[in-house]
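The values are calculated or read from the model by the stated rules, or taken from the named source; none is laboratory data. Model, not experiment: these values are computed from the prediction. Cβ: placed from backbone, ideal geometry, glycine included. Neighbour counts: every protein chain shown. The protein model used for the area step is the full one, side chains on, heavy atoms only, and it has no ligands, DNA or RNA in it. Shrake-Rupley method; radii C 1.70, N 1.55, O 1.52, S 1.80 Å.
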Amino acid sequence: MARPIRRLACAASLLALTAAAPALAQETTPAQLDEIVVTGSQVRLTSAYAGGQMARGGRVGLLGNMEAMDTPFSTSNYTEKLVRNQQAQGIGDVLQNDPTVRVTKGFGNFQELYVVRGFPVYSDDMSYNGLYGVLPRQFVAAELVERVEVFRGATAFLNGAAPGGSGVGGAFNLTPKRAGEPLTRLTAGVSGNDEIYAAADLARRFGAEDQWGARLNIASRDGESSVEGENGQLRVIGLGVDRRGDRARFSADLGWQDHRIDAPRPTVTPSGGIPEAPSADKNFAQPWTYTDEEQLFGAARGEFDITDSVTAWAAFGGRQGKEDNVLANPTAQADGSLSAYRFDNVREDTVWSGDVGVRADVKTGPVEHRLVMSASQVQSKSKNAYAFSNFSGFASDLYNPVSVAAPTPDFFIGGDLDDPNVTERVRNSSVAVADRLSFLNGRLLATVGVRYQEIKTGSYDYNTAAGLSSYSSDATTPAFALVYKPSDKISLYANYAEALVPGTTAPAVANAVVAGWGDAAVPVTVTNGGEVLEPFRAEQAEVGVKYDAGSFGGTLSVFRTTLPSALVSLTSNGDPVAGTRPTGVYSDGGEQENQGVELTVYGEPVAGLRLIGGATWLEAEINRSLTAANEGKSAIGVPDFQTNLNVEWDVPTVSGLTLEGRAVYTGAQPADSTNTLELEEWTRFDAGVRYAFVAGGKDLTVRARVENVADEDQWVAVGGYPGSNYLTLGAPRTFRLSVSAEF
């Protein structure tokens with residue numbers, strides 16, 4: 001009992017300290033966003049749905065904010081209320097509620113990575129208020145967001161190609177917080193082993209008609225997580241201002257995030273078999289490893305009604321980021337023995353992102369048109385350097401970790417860690433046009449559009465900064481979508497859309513299985529070596545139905561997505577006797593096909609009972625591959641079934657008391673390309689309770705939450721980065737407690 005009591009004492013003490021700001025203390029009510037019924041706005045948000053956990057709609061690329069029932073795609077939009085009540089620390093915590101998303105890590109780093117419809121979305125490919133490239137790369141603190149918007153499916157037409165090359169299966173947009181009613185909310189809490197948390201959320205509106213608003217969020221988190229010896233520090237500041245006018249609307253946001261983890265538990269790459277999962281709180285990281293990133297970012301967006309039917313908008317944002325990592329990600333044998341070596345790297349990013357457009361509503365006979373034209377660009381410059389220790393490495397053990405002295409990273413070096421050179425430049429530019437046609441008094445909506453995209457990249461030598469290679473290509477991606485609403489409660493939709501992934505450069509030699517040369521792969525001379533392939537174009541077809549009873553709703557969708565990949569097509573088998581090497585052409589002839597069914601449900605079907613849940617049935621198959629043995633196999637890390645259910649219940653006999661439970665299930669996942677290894681299915685249960693009451697004339701809320709209630713020891717993800725099969729260990733039983741006061 002000593003630890004929970006200590007946590008309560010810490011929370012109470014922190015709250016008392018933060019509450020000592022009398023200048024801010026005044027009678028207020030919680031901030032609420034105004035209900036908006038106008039769709040297509042680039043600034044104003046849709047209102048919250050029944051229960052307050054979800055929103056009625058969200059951003060749909062260049063089409064702006066739209067109601068879900070009018071959107072010809074599958075979407076979910078999580079609100080700040082849900083984020084706060086679940087004590088989410090990052091975006092990955094919020095997405096644990098989504099039955100179509102699974103959260104994993106990046107390749108060899110601690111970047112959050114999200115898998116949607118069997119395809120990865122990198123955290124640095126999320127958009128911020130509609131702009132790519134602006135958010136911190138590795139992790140985004142939950143205190144910064146008003147909405148976490150999930151879009152399922154290909155988005156090259158709506159958003160343009162994701163600058164990091166992911167986003168085939170979906171996209172995420174984070175909306176910054178806005179000021180509603182006056183708010184002064186102070187929160188203090190504890191979590192993990194001894195992690196302490198404090199935050200302030202302040203909002204005011206100004207002007208004769210409250211047309212100006214400002215919202216400031218400050219948060220700090222420090223201490224040991226629920227994983228032994230893993231210590232984190234997080235500092236966050238977010239400031240947003242906005243103006244709500246009859247004809248002009250504007251918002252601007254500035255954020256700063258400093259995030260460090262010492263001895264972060266790494267992922268594990270299996271070799272020869274999957275080892276049994278160690279204790280969930282076990283930390284097999286070396287004590288000298290760490291990850292540290294500091295990001296300064298901001299964005300501004302405005303729109304102006306030129307006439308009652310014509311609106312123009314513009315947005316601009318940027319990010320300046322620094323990252324510093326000392327890592328040692330191990331390889332594990334089936335018996336749990338580990339081997340690793342040290343890897344240091346630094347990175348500095350400068351990113352600029354912009355978007356302009358115009359929207360016009362016109363009518364031709366009985367048909368209403370919403371015409372949209374948009375132009376956008378994202379450009380980035382990255383400085384990088386790295387250093388490895390000897391690849392012979394050092395030994396440890398998954399179940400009984402061995403701490404070793406930090407080896408010297410002088411075996412293989414690229415660039416100067418203290419002054420890295422520019423190693424990459426990227427520029428994505430695009431122009432898009434769309435027409436949304438409305439028939440039958442809005443019951444039938446048809447959207448047609450096309451986006452022209454240019455992708456340019458350049459890579460440079462780590463040591464000399466001399467140019468090494470460049471890539472320049474373009475593509476045109478169309479989209480077609482229909483929505484038919486036979487009643488106010490039902491919406492049928494269908495769409496065809498595409499995604500773009502930058503093409504690869506053909507190597508001089510590739511390995512392939514060739515008839516007459518035996519069963520093993522042999523070197524093949526690539527006749528078009530050095531050629532840069534056109535962007536890989538993923539194609540998606542989807543149909544679905546949406547239901548909205550006013551207080552309860554859901555979406556059922558069926559989809560199929562095909563993504564090309566690199567393939568060598570043989571032009572000559574050569575002669576193994578004469579020693580003549582086979583020849584072939586490097587092309588985009590490979591293909592992965594993902595098809596499935598998704599179900600999402602949400603709302604408050606009965607007063608006081610709120611639900612979020614659903615399921616995904618998915619088949620991900622490699623139809624054609626550079627490696628013949630992989631053809632017909634399932635893609636790494638994609639389960640055939642996954643489901644979520646989150647339930648909140650307001651106890652009727654105790655005013656202000658709410659109980660919450662969540663179950664997350666993920667089916668077995670292939671753990672290598674030949675499907676000889678498989679990760680077992682896993683289930684996690686979470687539970688929470690909160691109590692809202694009034695004391696001393698102030699609104700207080702106490703929240704307690706336990707994640708992984710059963711303290712299961714389980715691997716929860718395989719890979720995430722394409723073609724990789726590293727394993728991620730699930731978090732142990734984690735206790736979170738917080739107290740919030742509103743003045």
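Assorted remarks:
- Options THR307, THR311; residue that is outside any strand (DSSP E or B) and either open to solvent by less than 10 Å² (accessible area, probe 1.4 Å) or farther than 30 Å from PHE411 by Cβ (or both): THR307
- Set ASP222, ASP253: member being part of a strand (DSSP E or B) and without any contact (Cβ under 8 Å) to a residue 40 or more places away in the chain: ASP222
- Meets criteria (surrounded by 17 or more Cβ atoms within 10 Å (Cβ to Cβ), under 29 Å from the mean Cα position of the chain (by Cα) and more than 30 Å from LEU95 (Cβ to Cβ)) for ASP588: yes
- Number of residues in the stretch 602-640 that are outside any strand (DSSP E or B) and of a type in the set (Lys, Arg) equals 1.
- Checked against the criterion of being among the charged types (D, E, K, R), at pLDDT 95 or above and closer than 25 Å to ALA692 by Cβ, the candidates ARG215, ARG235 yield just one match: ARG215.
- Residue within the stretch 542-552 that is closer than 30 Å to ASN428 by Cα and crowded, with 19+ Cβ neighbours inside 10 Å present: yes
- When LEU570, LEU599 are checked against the criterion of being at pLDDT 95 or above and open to solvent by 40 Å² or more (accessible area, probe 1.4 Å), LEU599 stands alone in meeting it.
- Filter result (surrounded by 14 or more Cβ atoms within 10 Å (Cβ to Cβ) and among the β-branched types (Val, Ile, Thr)) within the stretch 506-521: VAL513, VAL514
- Residue in the stretch 85-102 that is under 21 Å from THR350 (Cα atoms), of a type in the set (D, E, K, R) and touching a residue at least 12 places away in the same chain (Cβ under 8 Å) present: no
- One residue from LEU556, LEU618 being surrounded by fewer than 18 Cβ atoms within 10 Å (Cβ to Cβ) and at pLDDT 90 or above: LEU556
- Under the condition of being more than 27 Å from GLY518 (Cβ to Cβ) and aliphatic (A, V, I, L, M), the residues counted in the stretch 571-599 number 2.
- Where PHE284 falls short, out of the listed (1) buried (at least 20 other Cβ atoms within 10 Å of the Cβ); (2) among the aromatic types (Phe, Trp, Tyr); (3) closer than 30 Å to VAL358 by Cβ: (3)
- Residues satisfying the stated conditions in the stretch 358-386, i.e. touching a Leu at 6+ places or on another chain (Cβ under 6 Å) and within 30 Å of ASP416 (Cα to Cα): ALA385
- Within the stretch 387-409, tally of residues that are among the hydroxyl-bearing types (Ser, Thr, Tyr) and open to solvent by less than 40 Å² (accessible area, probe 1.4 Å): 2
- Checked against (1) touching a Pro at 6+ places or on another chain (Cβ under 6 Å); (2) part of a strand (DSSP E or B); (3) not aromatic (Phe, Trp, Tyr), ARG243 passes all but a single condition, namely (1).
- Counting the residues of the stretch 204-251 that are buried (at least 21 other Cβ atoms within 10 Å of the Cβ), over 27 Å from the mean Cα position of the chain (by Cα) and aliphatic (A, V, I, L, M) gives 0.
- Scanning the stretch 629-668 for residues that are open to solvent by less than 50 Å² (accessible area, probe 1.4 Å) and of a type in the set (A, V, I, L, M, F, W, C) yields ALA635, ILE636, VAL638, VAL647, VAL651, LEU657, ALA663, VAL664, ALA668.
- Scanning the stretch 513-532 for residues that are assigned to a loop (DSSP other than H, G, I, E, B) and without any contact (Cβ under 8 Å) to a residue 60 or more places away in the chain gives ALA515, GLY518, ASP519, ALA520, THR527, ASN528, GLY529, GLY530, GLU531.
- Every residue from the stretch 327-363 that is charged (D, E, K, R), in a strand (DSSP E or B) and farther than 14 Å from ASN109 by Cα: GLU348, ASP349, ASP355, ARG359, ASP361, LYS363
- So VAL716, is it part of a strand (DSSP E or B) and closer than 30 Å to SER625 by Cα: yes
- Which listed residue, of ASP699, ASP686, is in contact (Cβ under 8 Å) with a residue 24 or more places away in the chain, assigned to a strand (DSSP E or B), open to solvent by less than 40 Å² (accessible area, probe 1.4 Å) and more than 19 Å from GLU604 (Cβ to Cβ): ASP686
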